[in-house]
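Shown next, in C-alpha cells, is the structure this report addresses.
The values are calculated or read from the model by the stated rules, or taken from the named source; none is laboratory data. Keep in mind it's a predicted model, so treat the numbers as computed, not measured. Here the Cβ positions follow ideal geometry from the backbone for every residue, glycine too, while neighbour counts run over all protein chains shown.
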Amino acid sequence: MAALNTSARIAVVGAGAMGAGIAQVAAQAGHPVWLHDNRPGAAARARDDIDRRLGLRVSHGKLDEGSRQATLSRLHPVDRLEDLADSDLVIEAIAEQLPAKQGLFAELEALCRADCIFASNTSSLSITAIAAGLQQPRRMLGLHFFNPAPVMALVEVVLGLASDPALAHCLHQTMVAWGKQPVQARSTPGFIVNRVARPFYGESLRLLQEGAADCATLDALLRDAGGFAMGAFELTDLIGHDINYAVTCSVFDACYGDRRFQPSLVQKELLDAGHLGRKSGQGFYIYADGAQRPAARALHSQVEVGHCVVEGNLAWAEPLVQRLESQGVRVIRRDGRGLLRVGDAVLAPSDGRLASQRARADGLGNLVLLDLAADYRQATRLAISCSHDIQPQALDQAVALLQRAGLQPSRLSDTPALVVLRTVAMLANEAADAVLQGVASAADIDLAMRCGVNYPQGPLAWAEQLGLGQLLKVLENLQAAYGEERYRPSLLLRRRVAEGRGWHD
C-alpha cells in the first residue's frame, strides 16, 4: 500500500505534549487533523500552544507566515470522541496504561469505519495486547514518535502479532511523506530504541556503583572519547529518573528478569529521595541557580617525552599512533603483539580483561590499558586503567605521552573494558540479539539508534569497525570477570564470527 494521501483525515487522541506534537507534524504534512482530549478545552489549548510554537519559528525565520496559517487551518480541536468517526488514521497518545488504551480502541472500533487504521504511540506496552480485544486486530499497529515529535526524525512502526504487514507498509510510507525516518519493529519489550539503549545507562550506573569513577568523569568520557551527545548521568537527569527507571523496570519485567536489563539500586535511591533530575532541581547533578557542575578528573604530567615504540598493530587504537606522529612524537615500529612502550610504561588497547589480570597473564609490568575512542582524531579525553603494581614514574610517562597527543587521561579503577569500549560492546551485543530474535533488521536498528538517540554511529556498524572477533573477545572477558549472564555474548555474534561474516553478508 502507498502512503496515505494528504486528503486522508488524521485523528490524534490525547492533547498532551506528545499528542499535540504528532498533530502538528500531520497538519504540517498537509493533512486535516482532528485533535481530541477527554479533558474539556485541552485540545483547544493544545492548538494555541502549537500556534505559539509555529509563531516562534516564523519570528526566527524558520517558517513563513503562510505555512503557519495553513497548518493552523488544518487543526480541528474537538471534545467529543464521536467527531473522529470519519477518520482514516487514529493515533492514540494517552497515558501508558494498558486498560485505558484497550478501552479507547474498543470505543473507536464501534465508531470508526472498518478501513480506519489504528495506531498507538506507546513506548513500552505490547501492541499485541492493545489489539487483543478488537474485532479487527489486524488494523492495530504502533507508531512510536520520539519527543519532541516535530523535531525528532525517528518513528518506530511496530507490528503486533495480528497486525497487517500491508498497513505497516502504508504507515511506513506515510511517515516518509511526513518527513520522518521510519523503522519497522516487532512488538517486543522496548521495541528497538528503548531495548537497545538500556546498556548505555546500565553500564555507567554499574561503574558508578563500583566506584570506578565519579559521574562527571564518566559522562565526560562518553562525550569526549565516545562521541555521544551526553553522558548517561546527565541524560537520565534530563529524561527524568522516574521515566528512565520505569522504562528499565518495564523491559526487565517483560523479559522475565533478564539480568542484562537489571535496574540500578543507585538510580532507585535517587528516585526514593525524590531527586528526579532537572525537573526536581536535583538528580546526579544539582540544578539550582548558581550550582556548579563538578569537573571531570584527569591526570597531568610534567614529563617530556619525544619518542615511543609501537610493537605490532594496536588494532582499533592504531589511529592514536598517527595522532602522536602528527604532534611530533617520533614513533619507532617493530614486530610484536600490539603494545606501545614509552619509558618504563607499557600501553595497550583494552581487550576486556582487568589490567592486573592481563599484566600477570602476559608478563607485562607497568601496564596501562587504553579505552576506545570513537574517533582518535577528534577525541579530547581517554580513559585509562593500570595494573596494581605500576610504578609512579611509569604512569607519569604514559600520561605524558597521551598529553602529547592532545588527550586528557582520566584514570579509572582497574575495571574490565573501561567505559566507552564496555558501553559500545554491550550496545552492539544487545543490537545483535534484537536482530537474532527478529525484532528489526540490522539496518533499521542502526538507523534507529542514530536518529532516535543521536548515537555517533549505529552499534552494529561500530562493531564491524572494531572487528566482530575483537568484540566477542571483549564480551567473553567481561563475562569471565563478572561471572554474570549480563555479559553473555549474543549467539548471532558468535555465529557471525564463526562464519567470518558481518551483519549484512
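Quick notes
- Each residue in the range 232-282 was checked for being β-branched (Val, Ile, Thr) and either at pLDDT 95 or above or within 21 Å of Glu484 (Cα to Cα) (or both), and 4 of them qualify.
- No other residue among Ala23, Ala44, Ala85, Ala70 is within 18 Å of Pro148 (Cα to Cα) and assigned by TED's automatic domain parsing to the domain that holds Val155 apart from Ala23.
- Any chance Ala114 is closer than 18 Å to Val13 by Cβ and in the same structural domain as Glu82 (by TED's automatic domain parsing): no
- Some residue of the range 25-37 being closer than 24 Å to Val157 by Cβ, in contact with a His (Cβ under 7 Å, 6 or more places away or on another chain) and of a type in the set (S, T, N, Q): no
- Here is the figure for the range 251-282: residues that are part of a helix (DSSP H, G or I), of a type outside the set (S, T, N, Q) and either in contact with a helix residue (DSSP H, G or I) (Cβ under 6 Å, 6 or more places away or on another chain) or under 30 Å from Ala432 (Cβ atoms) (or both) total 13.
- Residue in the range 404-412 that is outside the structural domain of Pro456 (by TED's automatic domain parsing) and assigned to a helix (DSSP H, G or I) present: yes
- Selection from the range 413-438 of residues that are part of a loop (DSSP other than H, G, I, E, B) and either surrounded by 23 or more Cβ atoms within 10 Å (Cβ to Cβ) or charged (D, E, K, R) (or both): Asp414, Pro416, Ala417, Leu418, Val419
- Residue match in the range 288-299 (condition: touching a residue at least 40 places away in the same chain (Cβ under 8 Å), surrounded by fewer than 16 Cβ atoms within 10 Å (Cβ to Cβ), more than 30 Å from Val266 (Cα to Cα) and not assigned by TED's automatic domain parsing to the domain that holds Ala383): no
- Criterion (part of a loop (DSSP other than H, G, I, E, B), at pLDDT 95 or above and under 30 Å from Leu407 (Cα atoms)) met by exactly one of Ala216, Ala296, Ala220: Ala296
- If you go through the range 203-237 and keep only what is in contact with a strand residue (DSSP E or B) (Cβ under 7 Å, 6 or more places away or on another chain) and free of Cβ contacts under 8 Å to residues at least 24 places away in the same chain, you end up with nothing.
- Among residues of the range 365-388 being modelled with pLDDT under 95 and touching a strand residue (DSSP E or B) at 6+ places or on another chain (Cβ under 9 Å), the one that is surrounded by the fewest Cβ atoms within 10 Å (Cβ to Cβ) is Gly365.
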